[in-house]
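Nothing in this text is a laboratory measurement; each read-out follows from the coordinates by a stated rule. Predicted model only: the values in this text are computed from it and were never measured. A quick note on method: Cβ atoms are made from the backbone with ideal geometry, for glycine too, and the neighbour counts reach across all protein chains shown.
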Amino acid sequence: MGYEENGVDAIAVDYGKMTPLLFEAMNELRAEKDSEIAALAEHNEALEARVAELERVVQKLAQHRR
């Protein structure tokens, strides 16, 4: 990064040096999203199992009423 004479204010950015940081950030975000997707898929499977069980119970109750 290039700075003004005061050594504080930036006047240029060396984007080549930022590339590894950007890749690391992207990998971290991908890992977070993959983890969230896996958790949601697991939760979805549990909900589907509950719905299937409830449908089975409703079917059984409907048969007893006949």
Before rounding to the nearest 500, sum -39500 (n - 2.57) across all DSSP H runs of length at least 4 in the chain and divide by the residue total; then give [θ] at 222 nm in deg cm²/dmol. -29000 deg cm²/dmol
The alpha-carbon pair-distance distribution computed for the chain, with 10 angstrom bins and whole-percent values, is 17, 18, 16, 14, 12, 9, 7, 5, 2, 0
Under a point-charge model restricted to the Cβ atoms of Lys and Arg (+1) and Asp and Glu (-1), what is the dipole moment magnitude of the chain relative to its Cα centre, in debye to the nearest 20? 1060 debye
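Based on the Cβ-Cβ distance from residue 30 to residue 54, what FRET efficiency comes out when R0 is 30 Å, to the nearest 0.05?
With R0 = 30 Å, the Cβ-Cβ based efficiency is 0.25.
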Excluding the sites themselves, what is the longest stretch of the chain that contains no GluC sites (Glu not before Pro) in a DSSP loop with at most 14 other C-beta atoms within 10 Å? 6-66
Most positive-pole-ward Cα, 40, 26, 51, against dipole of the chain from beta carbon charges: 51
Length gained when the stretch residue 43-residue 8 is fully extended (0.36 nm per residue, less Cα-Cα span): 7.6 nm
